[in-house]
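Asker: I have a structure here, written as structure tokens, and I will follow up with some questions on it.
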Amino acid sequence: MSTELPSDPKESPPAPRPAPREVWKKGGRLLSVLLAVNVLLLACTLISGGAFNKVAVYDTDVFALLTTMLLLALLWILFYLLGTARCPGGVPYRDAHAGPIWLRGGLVLFGICTLIMDVFKTGYYSSFLECQSAIKILYPLTQAVFVIVQTYFLWVSAKDCVHAHLDLTRCGLMFTLTTNLAIWMAAVVDESLHQAHSHSSSHGNTSHTRLALDLERASSAVGGDCSCDTAVCQIFQQGYFYLYPFNIEYSLFASTMLYVMWKNVGRLLASSTHGHSHAPSHLSLFRETFFAGPVLGLMLFVVGLAVFIIYEVQVSGDWGRTQQALVIYYSFNIVCLGLMTLVSLSGSVIYRFDRRAMDQHKNPTRTLDVALLMGAALGQYAISYYSIVAVVAGTPRDLLAALNLAHALLMIAQHTFQNVFIIESLHRGPPGAEPHNTAPKEPCHGLTFANLDALHTLPTCPPTPRLAGPSPAGPREAASVIVAPRSHWRRRCLKDISLFLLLCNIILWIMPAFGARPHFSNTVEVDFYGYSLWAAIVNICLPFGIFYRMHAVSSLLEVYVMS
């Protein structure tokens, strides 16, 4: 008869075993990427084909494809929420760096504006239902349902590290990401065609726009009148075109969050606490700042709104009023870009005196942020270099050409130095990560997990605070005499710099996103390259420049919090 020895009450319970590693992670990722590439190429083919009147692809074909993609993505999201996420051990870890609150908040804001746009679009197409296909009404309604479900899905699941249905989850995430990119491309093409239609209308030529062609086809096929003559119809039409920028940003925000989720599928984190995040539990703007950055940024923001309104009012007049509007527009942008360049340089100089250690941990969110900042800046780089060549090699040597040249050069410098500042900020450790050589060293053991995707060392004891004077009698006295770190002024300067750049990027996003197109109002590039080539360059590159501004805003908000 065997007796069972009593267990030692002081003995710690065994550590939980990590989830088993996937046999071939790259194989599942390759399968999902191949699926996404094929679907995206099909969508791009139809969307671009429908944008040219010589290609026999109607916009109803594009709407039918997008509606089908939305319905399939909806089915997968519902399967994930009701099935995969509820599997035992399906989500053993949550990435603390993924889906920060400001990114999810921006997603909700842009999602609400997208829902309003869908309402306007439904009302617009319902105004002449007798000569339009029903798919044009079904598409915005389906998109509205998709936005609601996807926003909830990303709000609750953006941090998930899924370990169930791995291949299906990767394919579903990539297909949903591709759906958002297809919607983004359709919105960009539609907005570009609307701008081209407005430009052609101002020059008395509307025969080469898809809008006019579709109306002629519909009228000839049905025999009805498809013109938008009523006041309500025109309100719906103008309303949903002005809300397109929010729909574009929503699709891109959702795509970035879905990509991070895709990278986290099958990922093994170092502890059951799911990593550590340096973000504070609450966000307080204008706290621990000198107020110089927020005040100057708000001033530029208000002045920028006034300049944008003046530009929109005067640019459609005669050449004298247009030239005056362009001078005001370029002058404001030169001042704003110059200040942003100097401020970004000062932030990089401050980092030369910063003793915080660089964060070398694996962070898919940060890697994606850096790649998007560098990639999206290429669009504005391309437009600026084309403008520089046109101004230098062109014939005009007036004030407008000089302002255009200065604007292009400063645009390149501002993107470069701002990217350097943001990327270096994202790789800095949190406040308090600087080494204290004067503090006594205490033993601090860490828990290291090997053979994982990321190697983390989790400290089990906090850093020793530095005290001024003799040791106090109690904890309250000790808290009262803790010396503030010498780097406090640097953190306040960095917060001011982050808020100033954030506000400037917002106003520089508003101007092009809501219709400011000095590229076409200024005839230097149009005369040098021709309207067709210059329009293709701007319509391809400008959406990346607009996305860069909003993505820089989200990154700068993270820099502000981490400072």
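Asker: Suppose we keep only residues that are assigned to a helix (DSSP H, G or I) and among the small types (Gly, Ala, Ser) within the stretch 117-132. Which one would you say is farthest from Asp61 (Cα to Cα)?
Answerer: Gly123
Asker: Only one residue in Val327, Val307 is assigned to a helix (DSSP H, G or I), open to solvent by 30 Å² or more (accessible area, probe 1.4 Å) and more than 30 Å from Arg104 (Cβ to Cβ). Which one?
Answerer: Values: Val307 fails: open to solvent by 30 Å² or more (accessible area, probe 1.4 Å).
Only one candidate qualifies: Val327.
Asker: In addition: Within the stretch 391-408, track down each residue that is assigned to a helix (DSSP H, G or I) and either touching a Phe, Trp or Tyr at 6+ places or on another chain (Cβ under 8 Å) or surrounded by fewer than 17 Cβ atoms within 10 Å (Cβ to Cβ) (or both). Give the steps one after another, and end with the answer.
Answerer: Step one: filter the stretch 391-408 for residues assigned to a helix (DSSP H, G or I), giving 391-393, 399-408.
Hits for the stretch 391-408 are Val392, Ala393, Leu399, Leu400, Ala402, Leu403, Asn404, Ala406, His407, Ala408.
Asker: Sticking with this one: Here are the criteria: (1) part of a helix (DSSP H, G or I); (2) at pLDDT below 80. Tell me which single one Ala270 does not satisfy.
Answerer: Unmet condition: (1).
Asker: Condition first: within 24 Å of Phe417 (Cα to Cα) and open to solvent by less than 20 Å² (accessible area, probe 1.4 Å). Now tell me which residues in the stretch 374-390 satisfy that.
Answerer: Ala376, Ala377, Gly379, Ile383, Ser384, Ser387
Asker: Do we have any residue at all in the stretch 133-151 that's in a loop (DSSP other than H, G, I, E, B) and either buried (at least 16 other Cβ atoms within 10 Å of the Cβ) or among the charged types (D, E, K, R) (or both)?
Answerer: Yes: the stretch 133-151 contains one or more residues that are in a loop (DSSP other than H, G, I, E, B) and either buried (at least 16 other Cβ atoms within 10 Å of the Cβ) or among the charged types (D, E, K, R) (or both).
Asker: Of the residues Leu283, Leu337, Leu252, only one is assigned to a helix (DSSP H, G or I) and at pLDDT below 90; which? Lay out the reasoning, then the answer.
Answerer: Numbers: Leu283 fails: assigned to a helix (DSSP H, G or I); Leu337 fails: at pLDDT below 90.
Within the list Leu283, Leu337, Leu252, the selection yields Leu252.
Asker: Taking the stretch 94-132, which residues are of a type in the set (Val, Ile, Thr) and either farther than 15 Å from Leu154 by Cβ or buried (at least 18 other Cβ atoms within 10 Å of the Cβ) (or both)?
Answerer: Here is the first cut: in the stretch 94-132, the residues of a type in the set (Val, Ile, Thr) are 101, 108, 112, 114, 116, 119, 122.
Listed by number, the residues that qualify are Thr114, Ile116, Val119, Thr122.
Asker: How about the stretch 340-351: which of its residues are at pLDDT 80 or above and either open to solvent by 50 Å² or more (accessible area, probe 1.4 Å) or farther than 16 Å from Leu296 by Cβ (or both)?
Answerer: Matches in the stretch 340-351: Leu342, Leu345, Ser348, Val349, Ile350.
Asker: Condition first: in a helix (DSSP H, G or I) and within 30 Å of Thr230 (Cβ to Cβ). Can you find one or more residues in the stretch 165-176 that meet it?
Answerer: Scanning the stretch 165-176 turns up no residue that is in a helix (DSSP H, G or I) and within 30 Å of Thr230 (Cβ to Cβ).
Asker: Can you pull out the residues in the stretch 493-530 that are closer than 25 Å to Thr395 by Cα, without any contact (Cβ under 8 Å) to a residue 40 or more places away in the chain and not aliphatic (A, V, I, L, M)?
Answerer: Those that are closer than 25 Å to Thr395 by Cα, without any contact (Cβ under 8 Å) to a residue 40 or more places away in the chain and not aliphatic (A, V, I, L, M): Thr523, Gly530.
Asker: Also, quick follow-up: Residues being outside any helix (DSSP H, G or I), among the hydrophobic types (A, V, I, L, M, F, W, C) and open to solvent by less than 20 Å² (accessible area, probe 1.4 Å): count how many of those fall in the stretch 510-530.
Answerer: Here is the first cut: in the stretch 510-530, the ones outside any helix (DSSP H, G or I) are 514-517, 522, 530.
If we keep only those that are among the hydrophobic types (A, V, I, L, M, F, W, C) too, we end up with 514, 516.
Checking the rest, the ones that are also open to solvent by less than 20 Å² (accessible area, probe 1.4 Å) come to 516.
Number of matching residues: 1.
Asker: Check whether at least one residue in the stretch 364-381 is at pLDDT below 90, in contact with a Lys or Arg (Cβ under 7 Å, 6 or more places away or on another chain) and more than 21 Å from Phe500 (Cα to Cα), and report yes or no.
Answerer: yes
Asker: Could you list all residues from the stretch 159-173 that are open to solvent by less than 20 Å² (accessible area, probe 1.4 Å) and over 10 Å from Met261 (Cα atoms)?
Answerer: Ala164, Gly172
Asker: Residues being buried (at least 17 other Cβ atoms within 10 Å of the Cβ) and in contact (Cβ under 8 Å) with a residue 24 or more places away in the chain: count how many of those fall in the stretch 310-322.
Answerer: 3
Asker: Among what's in the stretch 330-339 and is farther than 17 Å from Trp509 by Cβ and touching a His at 6+ places or on another chain (Cβ under 6 Å), pick the residue that is surrounded by the most Cβ atoms within 10 Å (Cβ to Cβ). Give the derivation first.
Answerer: Step one: filter the stretch 330-339 for residues farther than 17 Å from Trp509 by Cβ, giving 330-331, 334-335, 338.
Remaining after also requiring touching a His at 6+ places or on another chain (Cβ under 6 Å): 330, 334.
Working: Tyr330: 23, Ile334: 16.
Only one residue fits best here, namely Tyr330.
Asker: Sort out which residues of the stretch 73-93 are surrounded by 15 or more Cβ atoms within 10 Å (Cβ to Cβ) and either closer than 16 Å to Leu173 by Cα or β-branched (Val, Ile, Thr) (or both), and write them in order of number. Can you show your working first?
Answerer: Of all residues in the stretch 73-93, those surrounded by 15 or more Cβ atoms within 10 Å (Cβ to Cβ) come to 73-74, 76-77, 79-81, 84-85, 90-93.
Once the filter is applied, which keeps residues that are surrounded by 15 or more Cβ atoms within 10 Å (Cβ to Cβ) and either closer than 16 Å to Leu173 by Cα or β-branched (Val, Ile, Thr) (or both), the stretch 73-93 yields Ala73, Leu74, Trp76, Ile77, Phe79, Tyr80, Leu81, Thr84, Ala85, Gly90, Val91.
Asker: Give the number of residues within the stretch 364-373 that are under 19 Å from Val420 (Cβ atoms) and either in contact (Cβ under 8 Å) with a residue 12 or more places away in the chain or not in a helix (DSSP H, G or I) (or both).
Answerer: Result for the stretch 364-373: 6.
Asker: A further question follows. Please verify whether the stretch 363-374 includes one or more residues that are out of contact with any Cys (no Cβ under 8 Å at 6 or more places or on another chain), farther than 30 Å from Ser255 by Cβ and of a type outside the set (Phe, Trp, Tyr). Before you say what the answer is, go through the steps one by one.
Answerer: Restricting attention to the stretch 363-374, the residues satisfying the condition of being out of contact with any Cys (no Cβ under 8 Å at 6 or more places or on another chain) are 363-374.
If we keep only those that are farther than 30 Å from Ser255 by Cβ as well, we get none.
No, that holds for no residue.
Asker: Mind checking which residues of the stretch 174-196 are of a type in the set (Phe, Trp, Tyr) and either surrounded by 22 or more Cβ atoms within 10 Å (Cβ to Cβ) or within 24 Å of Thr122 (Cβ to Cβ) (or both)?
Answerer: Applying the first criterion (of a type in the set (Phe, Trp, Tyr)) to the stretch 174-196 yields 175, 184.
Scanning the stretch 174-196 gives a single hit, Trp184.
Asker: Report, ordered by the first and then the second residue, all pairs with beta carbons closer than 8 Å, sequence separation of six or more or different chains, a first member in the stretch 539-562 that is without any contact (Cβ under 8 Å) to a residue 40 or more places away in the chain and under 15 Å from Leu503 (Cα atoms), and a second member that is acidic (Asp, Glu) and open to solvent by less than 20 Å² (accessible area, probe 1.4 Å).
Answerer: Nothing qualifies.
Asker: Is it true that Phe544 is farther than 25 Å from Ala402 by Cβ and either open to solvent by 10 Å² or more (accessible area, probe 1.4 Å) or of a type in the set (S, T, N, Q) (or both)?
Answerer: Numbers: farther than 25 Å from Ala402 by Cβ: yes; either open to solvent by 10 Å² or more (accessible area, probe 1.4 Å) or of a type in the set (S, T, N, Q) (or both): yes.
Yes; evaluated as a whole, the condition is true for this residue.
Asker: Which residue, of Leu499, Leu494, Leu503, is at pLDDT 80 or above, open to solvent by 20 Å² or more (accessible area, probe 1.4 Å), part of a helix (DSSP H, G or I) and not acidic (Asp, Glu)?
Answerer: Leu503
Asker: Out of curiosity, is Thr114 part of a helix (DSSP H, G or I), under 19 Å from Asp61 (Cα atoms) and of a type in the set (Val, Ile, Thr)?
Answerer: On the way: part of a helix (DSSP H, G or I): yes; under 19 Å from Asp61 (Cα atoms): no; of a type in the set (Val, Ile, Thr): yes.
It is false that Thr114 is part of a helix (DSSP H, G or I), under 19 Å from Asp61 (Cα atoms) and of a type in the set (Val, Ile, Thr).
The values are calculated or read from the model by the stated rules, or taken from the named source; none is laboratory data. What you see is a predicted model; the values in this text were computed from it and never measured. Neighbour counts run over all protein chains shown; Cβ positions are idealised from the backbone, glycine included. Accessible surface areas use protein heavy atoms only, side chains included; no ligands, DNA or RNA. Shrake-Rupley method; radii C 1.70, N 1.55, O 1.52, S 1.80 Å.
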